[in-house]
1. Considering only residues that are at pLDDT below 75 and of a type in the set (Gly, Ala, Ser), look in the range 64-112 and name the one that is surrounded by the most Cβ atoms within 10 Å (Cβ to Cβ).
2. Being in a helix (DSSP H, G or I), surrounded by 11 or more Cβ atoms within 10 Å (Cβ to Cβ), polar (S, T, N, Q) and under 14 Å from the mean Cα position of the chain (by Cα): is that true of residue 51 here?
3. Residues being within 22 Å of the chain's Cα centre (by Cα) and among the hydroxyl-bearing types (Ser, Thr, Tyr): count how many of those fall in the range 1-36.
4. Restricting to the range 21-36, what's the tally of residues that are touching a residue at least 12 places away in the same chain (Cβ under 8 Å) and surrounded by 15 or more Cβ atoms within 10 Å (Cβ to Cβ)?
Amino acid sequence: MPSKRKQLKVYATDEEVAFIKEKALSANMTISFYLLKMGMLKPLLTEKDLSMQRDLARCSSVLGKYTGSLIKYLNERGDVISRAEVLNELKTVKATHHELRKVIQKIAEIYS
């Protein structure tokens, strides 16, 4: 059972109130939720942050599928381009994919 919520009184200047309201609004949060998150030192995850995280995940997925397709293609046909050259480029793609996945994981850890 959730604990009963209590009211907290905060004193602020008109400028501070306006600033806090603007920040909460830009994060698509209530002032109460915004202040609680800030006061508890938890990172704020805005809709833009979520959107960027989803975009990174989609990029990672596409890159992974591309890598798989390229490997399959090279296994079936390696006569036109030097197989060694393509495999070297593939290593770069895989490394990039690995780094992208690490970034996505860090973002998820920060906001969880």
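1. Of everything passing the filter in the range 64-112, 78 is surrounded by the most Cβ atoms within 10 Å (Cβ to Cβ).
2. No: the conditions fail for residue 51.
3. 2
4. Of the residues in the range 21-36, 4 are touching a residue at least 12 places away in the same chain (Cβ under 8 Å) and surrounded by 15 or more Cβ atoms within 10 Å (Cβ to Cβ).
The values are calculated or read from the model by the stated rules, or taken from the named source; none is laboratory data. This is a predicted model, so every value here is computed, not measured. As a convention, Cβ positions derive from the backbone with ideal geometry for all residues, glycine included, and neighbour counts pool all protein chains shown.
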